[in-house]
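The values are calculated or read from the model by the stated rules, or taken from the named source; none is laboratory data. Quick caveat, the model's predicted, so the values are computed rather than measured. Because the Cβ atoms are built from the backbone with ideal geometry, glycine has one as well, and the counts that use them run over all protein chains shown. These area figures cover heavy atoms from the full protein model, side chains too; ligands, DNA and RNA do not enter into them. Shrake-Rupley method; radii C 1.70, N 1.55, O 1.52, S 1.80 Å.
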Amino acid sequence: MLKPKKIPEIVVLVEGENEQKYWDAIRFLGKTKKFNLWQATEAKIKSLLRTIKVSSQIVVIADTDQLQEINNFIHNISSLKKHCKLAPIVILQCENFEDELCYSCNCKISHLYSHFGATGIDNLKSNINKEKHLIKKLEKIKHNSSLMWSRSGKNSQKSFDDIKNLIGNHDTLIDKGIRVDFNS
């Protein structure tokens, strides 16, 4: 008789508190950790890896509005890959979290400001983090969670072709615009 495969522990690395709040509120699988792979130093990566089991599946949700540190990002993703048996899954946001929310709610950023009683981007982020019933509040403006992180990026300011070209120089494959696989 075959033994069922053990489901790996899932660790989701997010860049900001909003992504963490959303991931936890939507009750996707895995535990979240706030960690920016674009800016992390070697010492911070080593510290992070001490908290992650080798058998874990790592999912990274990364902004694409700032691509200056692409070499550092690729190096850090490669470190994750070397540490874990399973290749990391990288989900690239078309710009940032607010952009993803606008897309999933089919609204403009001004509508999010209004809905969350915000006067600017920092106020919006703060209000999202304070919201005790985030998903219910988002559902009031027709939020569709299946649209989060689902775009190819063709309508964003930085297309995934641009990102593909940058990352492609590092033996990286982007499949369908949202999953990055690292080849050995």
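Spot the failing condition for K158; the list is (1) open to solvent by 20 Å² or more (accessible area, probe 1.4 Å); (2) modelled with pLDDT of 75 or more; (3) touching an Asp or Glu at 6+ places or on another chain (Cβ under 9 Å), and only one is missed.
Just one mismatch for K158, condition (2).
What helices (runs of 4 or more DSSP H), lying completely within the stretch 19-120, carry at least 1 residues that are in contact (Cβ under 8 Å) with a residue 40 or more places away in the chain? Spell out how you get there, then give the answer.
On the way: elements: 42-49, 70-83, 97-105, 109-115.
Those helices (runs of 4 or more DSSP H) span 70-83, 97-105.
Can you tell me which residue among V60, V54 is in contact with a helix residue (DSSP H, G or I) (Cβ under 9 Å, 6 or more places away or on another chain), at negative phi and open to solvent by 40 Å² or more (accessible area, probe 1.4 Å)?
From the options V60, V54, the qualifying one is V54.
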